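Values quoted throughout were computed directly from the atomic coordinates according to the rules given, and no laboratory measurement underlies them. Note that the structure is a prediction, hence the values are computed from the model and not measured. Reconstructed Cβ throughout: ideal geometry from the backbone, glycine too, with neighbour counts over all protein chains shown.
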Amino acid sequence: DAGVTQSPTHLIKTRGQHVTLRCSPISGHKSVSWYQQVLGQGPQFIFQYYEKEERGRGNFPDRFSARQFPNYSSELNVNALLLGDSALYLCASSLRQENTEAFFGQGTRLTVV
Amino acid sequence: GQNIDQPTEMTATEGAIVQINCTYQTSGFNGLFWYQQHAGEAPTFLSYNVLDGLEEKGRFSSFLSRSKGYSYLLLKELQMKDSASYLCAVSGALAGGSYIPTFGRGTSLIVHP
């Protein structure tokens, strides 16, 4: 069985550009959460989607948005990129909204120059 | 809000036992997670505690005391491959019914021969 898959694995963008990151959850999982992890710190929660609806949002600016598709895959969009957006972006999927056991993808390493 | 505190770094000897502590403050507690993260990789799920007491899973055990806001991860018979960052995460309620794990900064464990 495939685990959580994210694409692309690495990405380099310039300041002011827009980026779209993609995530496919484990088959049967309906909850997808997005996290940002800066080097040396734990993952910071950005969004949770469950059954295609936003169920939670972390303390991130409106430049960050996301959506979940009917097949439960998800996209994270970031507009007007800043240098400080450089990080590892992790997607986690779980069966239920409660996230009692979340499985992480390998992440997308975003570098903003 | 949620606040999680764990040591930044620990060292231990191969074959020994190490205990990684985590203290937390949260509202709407819905469980505590431990994840292992090797450098450059995604976090992998180790344990989930929602009731007080000790949960044992092979060489790894996790303990929770909700009244004290305290947990620890116990690693026995340490192996070199256990060198990694160990993330404590607490699940608290958000508006909309979600329970999102909030992660600590992680404890970098170095196992030496």
Checklist entry - Along the three principal axes, how long is the stretch A:4-113 when you take its alpha carbons, biggest first, rounded to the nearest angstrom? => result 37, 25, 23
Next on the checklist: If I model the stretch B:25-113 as equal point scatterers sitting on the Cα atoms and use the Debye formula, what is log10 I(q)/I(0) at q = 0.10 Å⁻¹?
Outcome noted: -0.27
Checklist outcome for this item: Spelling it out for residue B:31: with amide H atoms placed in the peptide plane at 1.01 Å from N, the residues 5 or more places away or on another chain with amide H under 5 Å from its amide H are B:91
Checklist outcome for this item: Mean separation of Cα contacts under 8 Å (at least 6 apart) over the residue count of chain B, i.e. the relative contact order in percent, is 36 percent
Checklist entry - How high is the relative contact order of the stretch A:41-88, in percent, counting Cα pairs under 8 Å that sit 6 or more residues apart? => result 26 percent
Checklist entry - Taking the Cα centre of the protein assembly as shown as the origin, how large is its charge dipole in debye, to the nearest 20, when only Lys and Arg (+1) and Asp and Glu (-1) carry charge on their Cβ atoms? => result 460 debye
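About the Cα centre of chain A, what is the dipole size in debye to 20, counting +1 per Lys and Arg Cβ and -1 per Asp and Glu Cβ, all else neutral?
280 debye
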Checklist entry - Given R₀ = 30 Å, FRET efficiency for residue A:11-residue B:8 by Cβ-Cβ distance, to 0.05? => result 0.55
Item to check | Within 10 Å of each Cβ in B:45-56, the average number of Cβ atoms from other chains | outcome: 1
Item to check | Principal axis box of the protein assembly as shown, alpha-carbon based, largest edge first, Å | outcome: 49, 37, 35
Checklist entry - Separation between the residue B:38 and residue A:79 pseudo-spin-labels, each 7 Å from Cα along Cα→Cβ, expressed in nm? => result 4.0 nm
Item to check | Residue among B:32, B:49, A:6 farthest towards the positive dipole end of the protein assembly as shown, charges placed on Cβ | outcome: A:6
Next on the checklist: Which one, A:43, A:81, A:24, projects farthest toward the positive side of the charge dipole computed for chain A from Cβ point charges (K/R +1, D/E -1)?
Outcome noted: A:81
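How many partner chain Cβ atoms sit within 10 Å of a residue's Cβ in peptide A:38-44, on average, as a whole number?
5
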Checklist outcome for this item: So, relative contact order of chain A in percent, Cα under 8 Å, 6 or more apart, is 37 percent
Item to check | Dipole moment magnitude, nearest 20 debye, the stretch B:1-97 about Cα centre, only Lys, Arg, Asp, Glu C-beta charged | outcome: 180 debye
